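What follows is calculated from the coordinates using simple rules that are stated; it is not laboratory data. The structure presented is a predicted model; accordingly, all values stated were derived computationally and were not measured. Virtual Cβ from ideal backbone geometry, glycine too; neighbours counted across all protein chains shown.
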Amino acid sequence: MTNRVVIVGGGAAGWLTAGILAAKNGEKSGCTHPVRIELVESPNVKNLMVGEGTWPTMRDTLRQIGISEKDFMQFCNAGFKQASKFVGWQYGNGEHYYHPFTAPAGYGAVNLSQYFLKNRPGSDFETLVCAQGAVCEQSLAPKTLATPEFAFALNYGYHLNAGKFTEMLRLHCTQKLGVVHTTGHVEQVNGAPDGDIASVTLSDGRVIEGDLFIDCSGFKALLLNGFYNVPMVCRRDQLFNDAALALQVPYRDENAPVASATVATAQKHGWIWDIALSGRRGIGHVFSRQYCSADQAQDALMQYVKNDPHLDASKAEPRLITFEPGHRSVFWHRNCVAIGVSAGFVEPLEATALVLVEKSVEWISHQFPRCRNAMTVLAKRYNEITHSRWEEIIDFIKLHYVLSSRDDSEYWRAHRDAASVPQSLKDSLALWQTQPPWLYESDRRLELFSSASKQYVLMGMQSTFGEACTGLSQHEMRVADKALNDVRRSTEQLLNGLPTNREFLSRLAGAVKKDCRASA
């Protein structure tokens, strides 16, 4: 029987893993065969603390592990993320488009990208098919304070303080979910005669035994790499970026607007992320050291910060993060699974780090191996699924570069070189030449990026893909007309009825303080 799960490494990946597993399979979960979940965290290792943007999946995760949205937003200084906003990716002239979290109107019944391509209605695709871009342009919230927790007028994820999030998860897992927290540095990994991991030995001599070991130890991957020597598959040939300079920049004014989208602004040799929290912004420059020095990237980053009147650039201190873009050749070997950075890492263009943790642990929690024989079968299936997800992530990130017309550096030209484009993406691009992305071109059960996401990027980059499509039938045109009228109506209503993010967060803080006084 699998009775003991040992997670090596903390951070957001480790504690999310602990929380999701404990809520479903732990000793306080109420399940028929609960398991003991222990997280071993080294006091000597600093967490990466990136990944301040989440997908809407995080709402379900918080709800499933029992964390109140109101408490989460206050504790983690969180704000709403409704979309990614891409600036300067097509030509480098300040043009922009949104990749919203809300699907196009009528999605599932009619492919509005076909309507857009045939009619070219004189508006941006996301503005035509969804209200969310217009809402984001006004920095509005996706809901009002009267809306129940996790419910919405427009689909959303979060911007959050990664350090605070890790702290909240740690407290919740240990106090509410029964996770055992052991502080100590793993000095040695001990094998069993059959080749499994039997235990880990800490620097103070303590031995932690387990049946299933989960490696959340970061880039070092102490278990999967350090013990089993599972290699990385380098993907630098497709995704060139291998470094980032990260900043945390306070606002000059406590009433400064709080953006509703993660902003990704293309640069000569990379791009800058900009994530708005209630009290500060997280900003960073992702770049390739093959094409750009850290000093050049820092100059571009600091100029970006100085050009924003809402930011106090005097307190900005960049931190350099380097990484090898890629993933492990396998992710689950024998009784060891790598999750988070231990499994792989690429540039955070579509904020895939945390969602991959969520999806991975969700799968394991529902397919939990009750005995060692089951583990072998599940490991094979998990590796197939996770490999597929990594290929999907790499294809989707690469798509943004392939569609660009920027010609201001070798960096952008090299990204369009056919030799750097995965064959799977080439196949999709060939298909999209004659028909835009739609529901039936892939297995939707496990996909991360829906056809709606691909439509937003293709149409947002004003590509000519799909212009040869046959268009809509008469019935579909009637459905499309109704859907587009609904968008126009809902856009007007939402622009008039939603508070700004700043207003929502200020009122939420006031409501929480009032609740605290009432319960005192």
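Quick notes
- Ser388 paired with Ser405, simple spin-label distance in nm, labels 7 Å along Cα-to-beta-carbon: 3.7 nm
- Kyte-Doolittle mean at least -1.0 and Cα axial length at least 15 Å: DSSP H helices in the chain: 11-25, 162-175, 294-306, 352-366, 372-402, 501-519
- Applying 1/(1 + (r/R0)^6) with R0 = 35 Å to the Cβ-Cβ distance of Cys31 and Asp204 gives a FRET efficiency near 0.60.
- A simple spin-label model places pseudo-atoms 7 Å from Cα toward Cβ; at Asp299 and Thr434 they are separated by 4.9 nm.
- Whole-Å distance, taken between Cα centres, linking the range 89-165 and the range 52-86: 17 Å
- Rounded if a/c under 1.5, otherwise prolate or oblate - the range 54-132, Cα gyration tensor axes: oblate
- Estimated 222 nm signal from helices in the chain, with DSSP H stretches of n ≥ 4 weighted -39500 (n - 2.57), rounded to 500: -11500 deg cm²/dmol
- Cα-based shape type of the range 203-260, given that a ≥ b ≥ c are square roots of the gyration tensor eigenvalues and the cut on a/c is 1.5: oblate
- Fewest neighbouring Cβ atoms within 10 Å first, the residues Val263, Val8, Val207, Val35 line up as Val207, Val263, Val35, Val8.
- Ordering of 472-478, 128-134, 169-175 by burial proxy (mean other Cβ atoms within 10 Å per residue, highest first): 128-134, 169-175, 472-478
- Calculated FRET efficiency for the pair Ala509/Gln290, C-beta based, R₀ 60 Å, to 0.05: 0.85
- If the chain linking Asp71 and Lys46 were pulled fully straight, counting 0.36 nm for each residue of separation and taking away their Cα-Cα distance, it would gain 6.5 nm.
- Cut-off 14 Å between beta-carbons: net charge of the residues surrounding Val180, Lys and Arg +1, Asp and Glu -1: +2
- Inter-label distance for Gln138 and Thr174, nm, one decimal - labels placed 7 Å from Cα along Cα-to-Cβ: 4.5 nm
- Rounded to the nearest 0.05, the FRET efficiency derived from the C-beta distance between Thr500 and Ala109 at R0 = 51 Å is 0.95.
- Chain lengthening between Arg381 and Arg444 when straightened (0.36 nm per residue, less Cα-Cα): 21.0 nm
- Relative contact order, whole percent, for the range 243-322 stands at 43, derived from Cα pairs under 8 Å and 6 or more residues apart.
- Full extension of the chain between His181 and Asn119 gives 16.4 nm of extra length, using 0.36 nm per residue less the Cα-Cα distance.
- 15 Å reach of a label modelled at Asn485, 7 Å along Cα-to-Cβ, counting backbone N of the range 99-116: 106
- Pairwise alpha-carbon distances in the range 243-322 exceed 18 Å for 35% of all pairs.
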